[in-house]
Amino acid sequence: MTNKKRKPVVFQLTRRNEKPSIAGKNYPVSHRIPSEDEVYDEETGRNRMIRYAIGEQSIYLDEQTSDNPVLGDIIFANGILIVQYQQVTLREFLQASNWNKSNPDRMATKRIIYETLDGEVDAQKNLENLEVEFHAMELLMEMDAQKMIGYARALGVNVDRSMYEVKHDMMVMAKNQPQLFLDEISNPKTERMQVVLDAEDERIIVVNAAKRQIFWGFGAKEVITTVPVGIDPKAHFVDYTFGDEGQEVFKKIKKVLAGEVAPIKAKEKATVKA
């Protein structure tokens, strides 16, 4: 019981640097917050001023005794402020302030600056995140080059560069957003998008964004499907291939890509048979 009370409380800024790769850190090296605030007191049903003043036993202004109070500095270093168990008034101020996202009684109109971290919960969360990250990185490292390029194209990564650059971007994606990376890799639409992109490169299909139509290439000009307004053509086509009619089209495309059948030529009917 004593050990639990003696544990420090950790507070963390909620806003990260927008460009951590450029700034070098996820949080500013130093960030100062005000040492005064007006809060709602549940017990009295009134708003009261609180302040972190050196030497005072209470955080409430109307309970403080000094005529010339010295406000204490509240500074987060690299996004973190660790408050030891002996720093009672500082801890109480940070917990009671409206800037604390974790304060259930905070005024909703006040901006959020930081939150209280739960050591055990966050340790478990960090462990789970590390496991997901490890799985994503492991999956990428075991992926052969051709398959990786295919996934990279489907995920919107520029593949018209060296293999090292493409792999670097994929590793950054896997590390920064491991769960999203795993979800995209396991999504059947992602693999199907690879086939659609290859088919467009080989002119098996032609995407006409202006007319919002996708049709057979090689001069056939037979419309396969019309793209709804406001929908990405390739994304629509991928969804289309999961339907009854689209599945037959997709089978035809795969066979043409594999060289098993000839593409539909001009004056040929666009009736597709598996």
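Bear in mind that the values in this text are calculations on the coordinates, not laboratory data. Here the structure is a predicted model, which is why all the values come from computation and not from measurement. Cβ placement follows ideal geometry from the backbone for every residue including glycine, while neighbour counts extend to all protein chains displayed.
Worth pointing out:
- Residues of the range 192-221 with amide N under 15 Å of a point placed 7 Å along Cα→Cβ from Val261: 204-205, 216-217
- Of the residues Thr241, Thr109, Thr14, the one that moves most in a GNM of the chain with alpha-carbon contacts below 10 Å is Thr109.
- Unit charges on C-beta of K, R, D, E only; dipole of the chain, Debye: 1080
- Cβ-derived FRET efficiency at R0 25 Å, Asp239 paired with Ala210, nearest 0.05: 0.75
- Helix 119-142 axis, angle to the chain major axis (alpha carbon atoms, nearest 10°): 20
- Cβ-derived FRET efficiency at R0 22 Å, Glu128 paired with Ser102, nearest 0.05: 0.65
- Using alpha-carbon coordinates, inclination of helix 145-154 to the longest axis of the chain, degrees: 80
- For the chain, the 222 nm mean residue ellipticity estimated from helices alone, with every DSSP H stretch of n ≥ 4 adding -39500 (n - 2.57) and the total spread over all residues, rounds to -12000 deg cm²/dmol.
- Peptides ranked, highest mean first, by Cβ atoms within 10 Å: ranges 70-80, 246-256: 246-256, 70-80
- Links that overshoot a 19 Å alpha carbon limit, given the list Lys211/Lys234; Lys167/Lys254; Lys189/Lys252: Lys167/Lys254
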